[in-house]
1. Going by the conditions given, is D164 under 16 Å from R133 (Cα atoms), in contact (Cβ under 8 Å) with a residue 24 or more places away in the chain and of a type in the set (D, E, K, R)?
2. Within the range 92-106, track down each residue that is among the hydrophobic types (A, V, I, L, M, F, W, C) and free of Cβ contacts under 8 Å to residues at least 40 places away in the same chain.
3. Could we say that G53 is modelled with pLDDT of 95 or more, over 19 Å from the mean Cα position of the chain (by Cα), of a type outside the set (A, V, I, L, M, F, W, C) and surrounded by fewer than 22 Cβ atoms within 10 Å (Cβ to Cβ) here?
4. Just give me the residues in the range 48-57 being charged (D, E, K, R) and touching a residue at least 24 places away in the same chain (Cβ under 8 Å), in sequence order.
5. Could you figure out which of (1) closer than 25 Å to P202 by Cα; (2) buried (at least 17 other Cβ atoms within 10 Å of the Cβ); (3) of a type in the set (K, R) isn't true of K97?
6. Going by the conditions given, is I59 surrounded by fewer than 21 Cβ atoms within 10 Å (Cβ to Cβ) and either touching a helix residue (DSSP H, G or I) at 6+ places or on another chain (Cβ under 8 Å) or at pLDDT below 95 (or both)?
7. Report yes if some residue within the range 104-114 is within 16 Å of A19 (Cβ to Cβ), out of contact with any strand residue (DSSP E or B) (no Cβ under 6 Å at 6 or more places or on another chain) and modelled with pLDDT of 95 or more; otherwise report no.
8. So in the range 100-120, with the set limited to residues that are of a type in the set (G, A, S) and buried (at least 17 other Cβ atoms within 10 Å of the Cβ), which one is farthest from R182 (Cα to Cα)?
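The values are calculated or read from the model by the stated rules, or taken from the named source; none is laboratory data. Predicted, not measured: the structure shown is a model, and the values here were computed from it. Cβ placement follows ideal geometry from the backbone for every residue including glycine, while neighbour counts extend to all protein chains displayed.
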Amino acid sequence: MAVIALGVLVSGSGTNLQAILDAIDAGKLDAKVAVVVSNVAGAGALERATSRGIPTRVIDHRGFADRAAFDAALVAELRAYGSQYVVLAGFMRILTKTLLDAFPARVVNVHPALLPAFPGVDAQEQALRYGVRIAGCSVHFVDAGTDTGPIIAQAAVPVLETDDTASLRSRILEKEHELLPRVLQWLAEGRVTVEAREGARPLVRIAGVACASLGTT
């Protein structure tokens, strides 16, 4: 099976990057991480990549006149390393058409909520404030909106009476680490298609998968 090349964008510690690398090592993901790019010079994810001999680049968004110019610099680096898919693994920047058009239906994000509920920042805190009983995470294709792209798969976790933001975040993150590599493997296998629907969010279909979700634990 062909191995897909991933360009991973990061801003933080890189636990989802680590989950991708662990899945590759375990033979569960037919992919290679071609390059890791961060907008934060001290991001822990860069150390994870460097320790594995993976090329890293730092592109500080503050050095650009606007978001489109920053995204153009990202595109140049991603293409330079042959990235086929772009994975947002804790990347804290909103993307523009400049990058999205360069990788159409090939930019994937993991978000710590069951979209369309609680898009944007602090999704776990939003869930607690709202009083939901079930939270979780979603892996989706990225579009021009904020967490509005086609949903590929989701995983649910119960919200416990004892939960605070930190504990809920931790349990959701465990599910992210399972779900993101699984979705990337579906992409590597060419099993994912997107079906446009008039007046509704596009529908993602995964060949051979009846229900693209992980149950609550």
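1. yes
2. L99, A102, F103
3. In short, yes.
4. R48, R52
5. Unmet condition: (2).
6. Yes.
7. no
8. Among those that are of a type in the set (G, A, S) and buried (at least 17 other Cβ atoms within 10 Å of the Cβ), it is A102.
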